[in-house]
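Heads up: the structure comes next, in C-alpha cells.
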Amino acid sequence: MNTTRRCMLMLALAMHGLPALAAGDDDRVFTTESLRQIRAQHAGQPLVLHLWGMTCGPCLTELPRWAELRRQRPGLRLVLVQADQTPPRASEATLRKAGLGAVERWHVVSEMDEFLRASVDPTWHGELPRTLLIAPGGEVTRVSGVADLAQVARWLDAQAVPKR
C-alpha cells in the first residue's frame with residue numbers, strides 16, 4: 001500500500017509538471033531575479049522590455065504596433081512580460097494574432113507585489129503598459145503608458161554601434 005501511494009504521488013507530480021514542459025522556453029515565470037537574467041542574456045545589446053497585461057486595454061491595442069516595429073527591425077530584442085495574473089495559455093492566441101507569437105515572453109504567477117515591482121524598476125507603481133529601454137551599457141529609459149514607437153525607433157538608432 002505504501003508503494004502504491006508513493007507511485008500515485010510521483011505520477012501526480014509528473015503530470016503536474018507536464019504543462020510547464022509543454023510551454024517551453026517561450027513561457028517563463030517572472031520573479032525578482034528575472035530582470036537580472038534577461039539583462040545578462042541580452043548584455044551588450046539594446047533591449048526593449050515591455051510589461052503588459054491581458055486586462056489592460058491600452059496594452060492590447062499596442063501589441064500589434066510592437067509587432068510592426070519588430071517586422072521593421074528583425075534584430076530587435078523585444079521581451080514581453082505579462083504582468084497580470086491571466087494564465088499564459090490564455091494570452092497565447094492574443095500574442096499570435098498581434099504577430100508576437102515568437103517573441104521571448106515571461107509572466108507573473110501571483111500579484112505584482114512591491115518586491116517584484118522594485119526588482120523591475122524602483123520608481124514603478126505597477127501601471128501598465130510600462131516599457132524599459134535598456135542600452136548596451138545598462139542605462140535605462142523608462143516609458144510609462146503607451147510608448148511612442150517612433151521615439152523607440154530613434155532610441156534604437158542611437159544605440160547602434162558606429163561602424164569603423
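Values quoted throughout were computed directly from the atomic coordinates according to the rules given, and no laboratory measurement underlies them. This structure is a prediction, so every number in the text was calculated from the model and none was measured. Here the Cβ positions follow ideal geometry from the backbone for every residue, glycine too, while neighbour counts run over all protein chains shown.
Things worth noting here:
- Label-to-label distance, nm, for residues given as Ala43 and Arg71 (7 Å Cα→Cβ offset): 3.5
- As a proxy for reagent exposure, ranking Thr123, Thr32 by other Cβ atoms within 10 Å from fewest up yields Thr123, Thr32.
- Short to long, the 5 Å bins of the Cα pair-distance histogram for region 25-159 hold 2, 10, 23, 25, 23, 13, 3, 0 percent of all pairs.
- Amide H to amide H, with H built 1.01 Å from N, Val29 comes under 5 Å of His107, counting only residues 5 or more places away or on other chains.
- The C-alpha atoms of region 54-108 occupy a region whose extents along the principal axes are 30, 19, 16 Å, arranged from largest to smallest.
- Low-density loop cleavage sites - GluC sites (Glu not before Pro) in region 113-164, where at most 14 other Cβ are within 10 Å (DSSP): Glu127, Glu139
- For region 24-164, the relative contact order works out to 32 percent when only alpha carbon pairs closer than 8 Å and six or more residues apart are counted.
- In order along region 92-98, phi translates into HN-Hα couplings of 4, 5, 4, 5, 4, 4, 7 Hz, rounded to whole numbers, per the Karplus curve 6.51 cos²θ - 1.76 cosθ + 1.60 with θ = phi - 60° and x for Gly and Pro.
- Viscosity 1.306 mPa s, temperature 10 °C, Stokes-Einstein D of region 76-155 from Kirkwood C-alpha radius, µm²/s: 114
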